[in-house]
Amino acid sequence: MDSVTQAVLGAGIQGALMGRFQGRRALIYGAALATVPDLDVLMSYPDPVSLMTYHRGFSHSVFVLTGLAALLAWLIRKYWPQASYGGRRLFLTLWLVLVTHPVLDAFTVYGTQLFWPLARIPESWSAIFIIDPVYTVPLLAGMLFATAFGMTHTARRLLAAALVFSTAYLGFGLAGRVAAEHRVRDAMQAQGIAVTELRAVSMPFNTLVWRVIAKTADGDYYESVSSPFDRAPPEWLRQPLHLDLGRALAGVPLHERLRWFTDDWLRYDAIGDALVVTDLRMGLAGHYTFRFKMAERAADGTWTPVTPSSWPSERGGWPELKRVLARILHEQPPLPLAQWSELSLR
């Protein structure tokens, strides 16, 4: 999630649990501590694939953060033994502030190595977009109230209520994802489309219109859009994965790492003399977030792997966002998936 959301979540937790003892300082402490896992962005990596796949790694591990919470609690009790709160409450607060950061990240599609150093595919629960005002605004409002009026009993109750609401909203997002996957899978089965893998991803700033990507056994995939308010079957667009191009990268360590990190939701395109690898999970047709040049074509037509570099991607803007948000309630006109997909070949 974005840094503002992580900060207000940490402030809300610490304010609700420690505000009675620390006053407004609890908000500052919680907001600052909640940003600690993202300090890994200060680390330098030699290429964008490493930067992407090592982010949300060890610093987002529940094991590492549990140890950090225990260390901080011990240090605080050692140097401030006169504090009026107990060690258990302190540890619980610090642990929740730290651990909820990667857990919330795991509810997005990016991929969070929640159980590092275990070699699991990063958690990517796809229940919420990286920025969602419905999740963030109640927490921000509670924090602003507590800042303005002090850490009163009412302020602490408002913070607790905001935390309960935000948590319930994550559950709503998960339910929306599952429902969208069922809608699209059923519609495709009715059309005789054999789906091998399928997953729904929340679209920008909401959990009501979903992008659903589905793989087929013949090496293609479908881009689909679905809303719970739809009365007609979801629209979709068939696209090639070009898996034959991916063979040129077989065994290349960074390519294998990218396959692991994305759970192999990759598309390959020959654009000029560049082999471009696209992470299909983030963005939508023609507006993918992460694209990498990973090989170059020689004069004899063979591909030579190169150090990955970022490939320009059309992210879209306000015109595209307006159409996405309008799609929540209105199936017509459908999103111009075919028109947008042409941007992927540039």
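Using θ = phi - 60° and the Karplus relation 6.51 cos²θ - 1.76 cosθ + 1.60, list the HN-Hα couplings for the range 220-232 in order, rounded to whole Hz, with x at every Gly or Pro.
Per residue, the Karplus-derived 3J(HN,Hα) values read 10, 9, 10, 9, 10, 10, 9, 10, x, 8, 5, 10, 9 Hz.
Using the basic label-point model (7 angstrom from Cα toward the beta carbon), what is the SER44 to GLU256 distance in nanometres?
2.8
So if R0 is 22 Å, what FRET efficiency would TYR54 and TRP74 give, r being the distance between their Cβ atoms, rounded to the nearest 0.05?
On the way: r = 29 Å, r/R0 = 1.32.
Using R0 = 22 Å, I get an efficiency of 0.15.
Ordered by residue, what ³J(HN,Hα) values in Hz, to whole numbers, does the range 256-269 give under the Karplus form 6.51 cos²θ - 1.76 cosθ + 1.60, where θ = phi - 60° and Gly and Pro are x?
Calculated HN-Hα couplings, in order: 5, 5, 5, 4, 5, 5, 8, 6, 6, 8, 10, 10, 10, 9 Hz.
Enumerate the amide H contacts of ASN206 below 5 Å, restricted to partners 5 or more residues apart or on another chain; note that Pro and chain-start residues carry no placed amide H.
HN-HN under 5 Å from ASN206: PHE129.
Taking every pair of Cα atoms in the range 276-346, average 1/r, invert it to obtain the Kirkwood radius, and report Rg/Rh to two decimals. Show your work: numbers first, answer last.
On the way: Rg = 15.6 Å, Rh = 13.9 Å.
Ratio of gyration radius to Kirkwood radius for the range 276-346: 1.12.
At what distance in nm do the modelled label points of VAL164 and ASP186 sit from each other, each positioned 7 Å from its Cα along Cα→Cβ?
About 3.3 nm separates the two model spin labels.
Quick check: Cα centre of the range 33-100 to Cα centre of the range 253-331, how many Å?
If you average the Cα positions of each part, the centres end up 33 Å apart.
With Cβ to Cβ distances under 15 Å as the rule, what net charge do the other residues near TRP260 carry (K, R +1; D, E -1)?
Working: positive: ARG56, ARG120, ARG257, ARG259, ARG281; negative: GLU123, GLU256, ASP263, ASP264, ASP279.
Every neighbour counted, the sum reads 0.
Which percent of the accessible area of the chain is formed by carbon and sulfur heavy atoms (probe 1.4 angstrom)? Write down the numbers at each step before the final one.
Numbers: 10240 of 16020 Å².
Roughly 64 percent of what the probe reaches on the chain is carbon or sulfur.
Taking the solvent-accessible surface of protein heavy atoms with a 1.4 Å probe, what is the per residue accessible area of the range 202-278 in Å²? Each step should come with its number before you reach the end.
Details: 2890 Å² over 77 residues.
Accessible area per residue, the range 202-278: 38 Å².
Quick one: if you take sqrt(5λ) for each eigenvalue of the C-alpha gyration tensor of the range 27-150, what semi-axes come out, biggest first, whole angstrom?
Equivalent-ellipsoid dimensions as semi-axes: 28, 21, 13 Å.
Where Lys and Arg each count +1 and Asp and Glu each count -1, what net charge lies around PRO37 among other residues with Cβ under 10 Å from its Cβ? Could you put the intermediate results ahead of the total?
Details: positive: ARG56; negative: ASP38, ASP40, ASP105.
Taking every Cβ under 10 Å from that of PRO37, the sum is -2.
How many Å² of accessible area per residue for the range 26-175, probe 1.4 Å?
Working: 7320 Å² over 150 residues.
For the range 26-175, the per-residue accessible area is 49 Å².
Taking amide hydrogens as modeled 1.01 Å from N in the peptide plane, which residues meet the under 5 Å criterion relative to VAL225, leaving out close sequence neighbours?
So VAL225 has HN proximity to VAL212, GLU235.
Could you work out how far apart the two model spin labels at LEU174 and THR304 are, taking each label as a point 7 Å from the Cα in the direction of the beta carbon, and quote it in nm?
Taking the simple label geometry, LEU174 and THR304 are separated by 5.0 nm.
For the range 173-190, take each phi angle, set θ = phi - 60°, evaluate the Karplus expression 6.51 cos²θ - 1.76 cosθ + 1.60, and give the result in whole Hz per residue in order, putting x for glycine and proline.
Rounded to whole hertz, the list is x, 4, 5, x, 4, 4, 5, 5, 4, 5, 4, 6, 4, 5, 5, 5, 4, 5.
Could you please report the charge total around GLN6, scoring K, R as +1 and D, E as -1 over all other residues with beta-carbon less than 14 angstrom from its beta-carbon?
Values: positive: ARG56; negative: ASP2, ASP38, ASP40, ASP105, ASP132.
Net charge in that neighbourhood comes out at -4.
How far, in degrees from 0 to 90, does helix 25-34 lean away from the longest principal axis of the Cα atoms of the chain, to the nearest 10?
For 25-34 against the chain, the angle is about 30 degrees.
The values are calculated or read from the model by the stated rules, or taken from the named source; none is laboratory data. None of the values given here were measured: they were computed from a predicted structure. Positions of Cβ are generated from backbone atoms using ideal geometry, with glycine treated the same way; all protein chains shown enter the neighbour counts. All accessible areas refer to the heavy atoms of the entire protein, side chains included, with ligands and DNA or RNA removed. Shrake-Rupley method; radii C 1.70, N 1.55, O 1.52, S 1.80 Å.
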